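A.B. asks: Take a look at this one; I'll ask things after.
The values are calculated or read from the model by the stated rules, or taken from the named source; none is laboratory data. Since this is a predicted model, take the numbers as computed values, not measurements. Note: ideal-geometry Cβ built from the backbone for every residue, glycine included; neighbour counts use all protein chains shown. Keep in mind that these areas ignore ligands, DNA and RNA; they rest on the heavy atoms of the full protein, side chains included. Shrake-Rupley method; radii C 1.70, N 1.55, O 1.52, S 1.80 Å.
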There are 2 protein chains.
Amino acid sequence: MEARPHDSPSHDGPAHDGSGRVRLRFTPAEREVRVPPGVMVFDAASWNGIAIDSTCGGHGTCKKCKIQVTSGEVPISPLDMRAFDAAQLRAGWRLACRTSAVEDLVVEVPPLETRPKAATVGVGRQVILRPAIKKRYVELATPTLADQRSDVDRLTAAIDDLELRVDLHVLRRLPSVMRQADFHVTAVIVDDLLIDVEAGDTTAECFAIAFDLGTTTVVATLLDTGTGTPRAVASMLNKQQPFGGDVITRISATMLDPEALGTLQSLAQETLRELVAEVCAEAEVDPGQVYEVALAGNAVMTALVLGIDPEPLGVAPFILSSATMPGVRAVDLGLRVHPAAPAVVLPSLGAYVGGDIVAGMLASGMDRDKRLRLFIDVGTNCEIVLGDGERILATAAPAGPAFEGGAIRCGMRASDGAIEVVRLDDEVVLQVIGDVAPVGLCGSGLVDAVAELVRVGILDASGRFVPEETATEMVPKLASRLTRIGKERVFVLHWAGAEGDLTDAVYLSQRDVRELQFAKAAIATGWSLLCEELGVEPHEVQQVLLAGSFGSYLSASSAVRIGLVPRLPVLRIVSAGNVAGEGAKMTLLSVPERAGATTLLEEVHYVELSDRPAFNDRFVDQLAFPA
Amino acid sequence: MEARPHDSPSHDGPAHDGSGRVRLRFTPAEREVRVPPGVMVFDAASWNGIAIDSTCGGHGTCKKCKIQVTSGEVPISPLDMRAFDAAQLRAGWRLACRTSAVEDLVVEVPPLETRPKAATVGVGRQVILRPAIKKRYVELATPTLADQRSDVDRLTAAIDDLELRVDLHVLRRLPSVMRQADFHVTAVIVDDLLIDVEAGDTTAECFAIAFDLGTTTVVATLLDTGTGTPRAVASMLNKQQPFGGDVITRISATMLDPEALGTLQSLAQETLRELVAEVCAEAEVDPGQVYEVALAGNAVMTALVLGIDPEPLGVAPFILSSATMPGVRAVDLGLRVHPAAPAVVLPSLGAYVGGDIVAGMLASGMDRDKRLRLFIDVGTNCEIVLGDGERILATAAPAGPAFEGGAIRCGMRASDGAIEVVRLDDEVVLQVIGDVAPVGLCGSGLVDAVAELVRVGILDASGRFVPEETATEMVPKLASRLTRIGKERVFVLHWAGAEGDLTDAVYLSQRDVRELQFAKAAIATGWSLLCEELGVEPHEVQQVLLAGSFGSYLSASSAVRIGLVPRLPVLRIVSAGNVAGEGAKMTLLSVPERAGATTLLEEVHYVELSDRPAFNDRFVDQLAFPA
């Protein structure tokens, strides 16, 4: 934490706009990677699964991350002068954590003295475990008149590979804990901050909690940072729900009532607090041994939980209070974990590309994959990222509430009774959440239903239901389901009673189809403009990642059928799961990954759609379904 | 603030034990100074009143503190590479705030572009105003869709000579303040932390409060840091008084009752809080515009006000929790000033040489004067410092409560009715605080009384009252005052009623004289051992500074007469006043002086008296009064 707003890698190298990268070749592994200029070699190696020795985690204090630059120029830092002699410096030896890559380099990595652990996290990523939380058990000499060092000096001298800052909270406990434990204590360090000293050896207990703070659902994962394994997961609805289902209604609430910001903050914090209690109880972990938390949320959720006025996020020109949220502590989020635990708040790229998406990019490795990849987080506000290993572009498209069941006649959230899968053959095959009788249609069911109706010919390419006679001709067994409610044409997916009895039936109306067309056209306009900006064709995309609580459940073939994603083989379309939560976990397990989140802010180029003259034309083009 | 426990200058140069200094010659001023190795040239210049351009105050961000090293070697820092071209670097150009003096140097200082203000503070010291509090008024462009920078980025881009960290408190207010003020705002920065943003131009209001937290008396000074002038001063008794008059009784209280630490903390904080209200009301300053505070107190007072267990300070081997107290905020001291205001807590050298003494050394320039100087803070625990411009030695002597009127039959604190000056000729001449009838004897009166009795021959060199007949012979007009109470001999200074009526009389007893002898012998043993350690004779001392609420009021000639100070011409003995408070003020007015306080910790060598075999012999030698 404590990252400064301007403490970005570009300050150590030439400025860049996401357009240029430098090439690093690591030997003897013979791995070549491309990273934004200015990134530290230590971080670049970590991001690509190449381990370099270190006990301080990149703070320049342990002097163990020795590398030899065998090709390319890198300046000598003051720390290098202390770590190496003149001959070694001339031979290219440097500390990886102080070596900024501003040009192409070849870097020789010495054999490891200790093999660091790794964990699989995010979208199949192997992350080397370098958590910010470090525990050190030390047995100290008892003070004497001849050795009157202060308690802090005595402790820090025994941990000489780290340069510790000391929290006031620790100073209050230190004298009694040290003496009660006979000077055999465990130092609890997060990053370079000593947050506690515990009696005896407690090095086995190292916990952290990652939060995905969604507008609708909030998920907490309790992690053992020593092993990288999740110990418990819990989720619940965001208690802010009564203020409205989307971010705009919640911003409006704060604009209408000066008390609302405080209330919304309390509700979000209460949600997080209950989840802490739940995961700690489940794993039988003392919340006081949760030493760090991470939070990924969209920009509005992040502002609300921290008590920051969200109004400028909701009105043009859509301005963040701050992209990064340094120096936040778990107590600032209302959490009852270790009282001095820091909180990593994932930074936001813009008002509509928030920390959840930055976390998603981290989890999916959008910045470290050479393939042309498209990342889509489908929701009311739909975030779209396109990267080719050289440049990364991002935008946000206002898809509206259709995917969450809003503005859809029989729409509902993805809960018991919601149709989530629809197949049309001679009959209607439905898959219903909770295996109960269908009561409505959630987002994935909606997309499936429309896609299937287009496939069988009941909807035409423009999104209109075909005349009844045409339907009867093409799919006779389904035609009877095409009927009307009032003047509006509807297709009945489920008759609750007898066929023809519309009471409690679940159906899709012509207006529902239009809503979905508007939603998917907004998304398609987004990715098509990003492709144009990057100079690629949509069919060249090698992987599409569908993220978010809705996107992950979407049928790939249906998404292709309605044109929500580019027309690609379905194997290239991957459900990415809860990438926001995965990204938050990664920041807890790896300090270099955390630095990567900040690097992303510099690297990703945000494309604002709303002021593009081409937007409306493109949008109209995308309303139709692909042939 | 945020100084790390190990972030001391010696880490950037060879270790030193206070024995070696390096020589810096500044041209064209032709000033030569000697400083501990490792000190930054920028700080060394500031300490000696030599101004170097800077707007960031030594953080390496403004790149204005350019100097040319014309003799001596200094490495090139990464920042130097950005500030200078190759030819300039070869010619010795460097940034003064990144140049550590590890060997003798000649430094050319370019003419100033802006002339910094200076203030007289401490013991006649001229301090260049470089307060940590900086206010910057900026008129920012309004955001547009083409300029979607976050509020923080917009603001910090306009203040590009500083690299700001941003407090969460600011992020909460920033969006509304900026918009309400039409983006014309004043940034409030302390060190490199943005603590607030105020509407409009408020640069004229910059306040800070310095506290001298004494065991007995607490003093607060409200400073205008823009001009360096005090705006109001207030003092009151420390509300911890009911727990005992000295630090030991207060420590004991915490050992006997687990609630006592909390109570003592609250009482100290309440004292500070009332003083804040008082000085702000007097100067008509909004406490919310007090952006920083500094606190100098002995190690026990410092621990108690911060809620740190003081027990190890009170029992051998006398151990501090921490020498430095980084990252403390005004709210941690219970203060109601600006909610994000940092607090500078003066560091302690040892359990018995606390932040008040470090502040005193700073205020009196003990580390930057070539003269042989002796600093004595007279009190229950008496701190003694001896420096010669090369080395600085410190110790603490247990003088006991005599100077504060404790254990003295007619002793009292220096308040109304206390005899503070005594002259004996043919009659007794008394000066009484408040110009009222005498009711007792305070410390300076006690010293005067004993000194005068020795001078006129009523007390002999061993401290015994001479026989009555001898007294009658030597000072016939005073002899009648030499009488007895019970078996004990006393000298009556004031008859409340008729001569011979001891009711309410103020007198000095034989036992009182013994108490004073013990106290002054402890002090004299301290400085004589320090002189021996430094290899100098006491008569070589060029200046004696008497500090503390008692020491400042002491008569120089009486101090010499009883042997409390070395036998020196009285003009060499100077009353230093409230040096602790002055030192605290200096840290608020000058960031380099603040760094100097931390440098002192490295430089001063603490001499522990209690384990010296010579201590008892020396102590006995010093009991007598000098011939």
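A.B. asks: Report yes if residue B:384 is among the hydrophobic types (A, V, I, L, M, F, W, C) and modelled with pLDDT under 95, otherwise no.
C.D. replies: Answer is no for this residue.
A.B. asks: Might you let me know whether segment B:580-592 holds any residue that is under 21 Å from the mean Cα position of the chain (by Cα), surrounded by fewer than 19 Cβ atoms within 10 Å (Cβ to Cβ) and outside any loop (DSSP other than H, G, I, E, B)?
C.D. replies: For segment B:580-592, residues under 21 Å from the mean Cα position of the chain (by Cα), surrounded by fewer than 19 Cβ atoms within 10 Å (Cβ to Cβ) and outside any loop (DSSP other than H, G, I, E, B): absent.
Residue by residue, here is whether (1) open to solvent by less than 10 Å² (accessible area, probe 1.4 Å); (2) farther than 15 Å from residue A:123 by Cα; (3) out of contact with any His (no Cβ under 8 Å at 6 or more places or on another chain); (4) at pLDDT below 95 holds:
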{"position": "A:538", "(1), (2), (3), (4)": "no, yes, yes, no"}
{"position": "A:562", "(1), (2), (3), (4)": "yes, yes, yes, no"}
{"position": "A:566", "(1), (2), (3), (4)": "yes, yes, no, no"}
{"position": "A:571", "(1), (2), (3), (4)": "no, yes, yes, yes"}
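A.B. asks: Hey, can you tell me all the residues within segment A:106-153 that are open to solvent by 30 Å² or more (accessible area, probe 1.4 Å), touching a strand residue (DSSP E or B) at 6+ places or on another chain (Cβ under 8 Å), within 14 Å of chain B (Cβ to nearest Cβ) and at pLDDT 95 or above?
C.D. replies: A:141
A.B. asks: A further question follows. For segment B:55-83, how many residues meet the condition of being hydroxyl-bearing (Ser, Thr, Tyr) and at pLDDT 90 or above?
C.D. replies: Within segment B:55-83, residues that are hydroxyl-bearing (Ser, Thr, Tyr) and at pLDDT 90 or above number 2.
A.B. asks: Restrict the check to segment A:598-614 and report whether at least one residue is under 24 Å from residue A:291 (Cβ atoms), open to solvent by 20 Å² or more (accessible area, probe 1.4 Å) and at pLDDT below 95.
C.D. replies: Yes, some residue in segment A:598-614 is under 24 Å from residue A:291 (Cβ atoms), open to solvent by 20 Å² or more (accessible area, probe 1.4 Å) and at pLDDT below 95.
Matching residues to (1) under 15 Å from residue B:335 (Cβ atoms); (2) modelled with pLDDT of 95 or more:
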position	(1), (2)
B:217	no, no
B:224	no, yes
B:239	yes, yes
B:249	no, no
B:255	no, no
B:260	no, yes
B:265	yes, yes
B:270	yes, yes
B:273	yes, yes
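A.B. asks: Does segment A:606-627 hold any residues that are outside any loop (DSSP other than H, G, I, E, B) and closer than 9 Å to residue A:521 by Cα, and which are they?
C.D. replies: Selection gives A:618, A:619, A:620, A:621, A:622.
A.B. asks: Could you run through segment A:453-470 and say how many residues are open to solvent by less than 20 Å² (accessible area, probe 1.4 Å), assigned to a loop (DSSP other than H, G, I, E, B) and touching a residue at least 60 places away in the same chain (Cβ under 8 Å)?
C.D. replies: Looking only at that region, the number is 1.
A.B. asks: Would segment B:165-172 turn up any residue that is over 15 Å from residue B:140 (Cα atoms), more than 8 Å from every other protein chain (Cβ to nearest Cβ) and surrounded by fewer than 18 Cβ atoms within 10 Å (Cβ to Cβ)?
C.D. replies: yes
For every residue, the table says whether it meets (1) touching a Phe, Trp or Tyr at 6+ places or on another chain (Cβ under 8 Å); (2) closer than 20 Å to residue B:451 by Cα.
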site	(1), (2)
B:493	yes, yes
B:507	yes, yes
B:519	yes, yes
B:533	no, no
B:552	no, yes
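A.B. asks: Take segment B:154-164 and flag every residue that is at the interface with chain A (Cβ under 7 Å from one of its Cβ atoms) and open to solvent by 20 Å² or more (accessible area, probe 1.4 Å).
C.D. replies: Once the filter is applied, which keeps residues that are at the interface with chain A (Cβ under 7 Å from one of its Cβ atoms) and open to solvent by 20 Å² or more (accessible area, probe 1.4 Å), segment B:154-164 yields only B:163.
A.B. asks: Something else: Please find, within segment A:397-425, the residue that is most open to solvent (accessible area, probe 1.4 Å) out of those that are of a type outside the set (A, V, I, L, M) and in contact with a strand residue (DSSP E or B) (Cβ under 7 Å, 6 or more places away or on another chain).
C.D. replies: In this case the residue turns out to be A:409.
A.B. asks: Continuing with the same structure: Select from segment A:17-59 the residues that are surrounded by fewer than 20 Cβ atoms within 10 Å (Cβ to Cβ) and in contact with a helix residue (DSSP H, G or I) (Cβ under 6 Å, 6 or more places away or on another chain) and list them in ascending order.
C.D. replies: The answer is A:18, and nothing else.
A.B. asks: Which members of segment A:87-105 meet the condition of being over 16 Å from residue A:65 (Cα atoms) and either of a type in the set (D, E, K, R) or open to solvent by 70 Å² or more (accessible area, probe 1.4 Å) (or both)?
C.D. replies: Within segment A:87-105, A:90, A:103, A:104 qualify.
A.B. asks: I need a count of the residues in segment A:259-283 that are in contact with a Lys or Arg (Cβ under 9 Å, 6 or more places away or on another chain), without any contact (Cβ under 8 Å) to a residue 60 or more places away in the chain and of a type in the set (Asp, Glu).
C.D. replies: Summing the residues that are in contact with a Lys or Arg (Cβ under 9 Å, 6 or more places away or on another chain), without any contact (Cβ under 8 Å) to a residue 60 or more places away in the chain and of a type in the set (Asp, Glu) in segment A:259-283 gives 1.
A.B. asks: Right, here's the next one. Among the residues of segment B:66-84, count how many are over 9 Å from residue B:99 (Cβ atoms) and surrounded by 14 or more Cβ atoms within 10 Å (Cβ to Cβ).
C.D. replies: Residues flagged as over 9 Å from residue B:99 (Cβ atoms) and surrounded by 14 or more Cβ atoms within 10 Å (Cβ to Cβ) within segment B:66-84 amount to 8.
Conditions (1) part of a loop (DSSP other than H, G, I, E, B); (2) free of Cβ contacts under 8 Å to residues at least 24 places away in the same chain, marked per residue:
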position	(1), (2)
B:102	yes, no
B:113	yes, no
B:137	no, no
B:141	yes, no
B:172	no, yes
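A.B. asks: For segment A:426-452, give me each residue that is out of contact with any Pro (no Cβ under 7 Å at 6 or more places or on another chain), open to solvent by 10 Å² or more (accessible area, probe 1.4 Å) and either free of Cβ contacts under 8 Å to residues at least 40 places away in the same chain or not in a helix (DSSP H, G or I) (or both).
C.D. replies: If the condition is that a residue be out of contact with any Pro (no Cβ under 7 Å at 6 or more places or on another chain), open to solvent by 10 Å² or more (accessible area, probe 1.4 Å) and either free of Cβ contacts under 8 Å to residues at least 40 places away in the same chain or not in a helix (DSSP H, G or I) (or both), then A:426, A:427, A:428, A:429, A:431, A:433, A:434, A:435, A:436, A:437, A:438, A:439 are the ones that fit.
A.B. asks: Still on this structure, I have one more. Go through segment B:206-223 and report how many residues are outside any loop (DSSP other than H, G, I, E, B) and open to solvent by less than 20 Å² (accessible area, probe 1.4 Å).
C.D. replies: Residues in segment B:206-223 being outside any loop (DSSP other than H, G, I, E, B) and open to solvent by less than 20 Å² (accessible area, probe 1.4 Å): 11 in total.
A.B. asks: For segment A:179-193, does any single residue satisfy the condition of being outside any helix (DSSP H, G or I), of a type in the set (Phe, Trp, Tyr) and either more than 37 Å from the chain's Cα centre (by Cα) or within 13 Å of chain B (Cβ to nearest Cβ) (or both)?
C.D. replies: yes
A.B. asks: Tally the residues that are free of Cβ contacts under 8 Å to residues at least 60 places away in the same chain, of a type in the set (A, V, I, L, M) and assigned to a strand (DSSP E or B), restricting the search to segment B:404-425.
C.D. replies: Summing the residues that are free of Cβ contacts under 8 Å to residues at least 60 places away in the same chain, of a type in the set (A, V, I, L, M) and assigned to a strand (DSSP E or B) in segment B:404-425 gives 2.
A.B. asks: Only residues that are open to solvent by 10 Å² or more (accessible area, probe 1.4 Å), of a type in the set (Gly, Ala, Ser) and under 25 Å from residue B:58 (Cβ atoms): list them for segment B:173-205, please.
C.D. replies: Correct list: B:204 only.
A.B. asks: Looking only at segment B:557-606, which residues are in contact (Cβ under 8 Å) with a residue 40 or more places away in the chain and of a type in the set (Lys, Arg)?
C.D. replies: B:561, B:567, B:585, B:594
A.B. asks: Just to verify a result, which residue in segment B:224-265, among those that are among the hydroxyl-bearing types (Ser, Thr, Tyr) and in a loop (DSSP other than H, G, I, E, B), is most open to solvent (accessible area, probe 1.4 Å)?
C.D. replies: So, considering only residues that are among the hydroxyl-bearing types (Ser, Thr, Tyr) and in a loop (DSSP other than H, G, I, E, B), the one most open to solvent (accessible area, probe 1.4 Å) is B:227.
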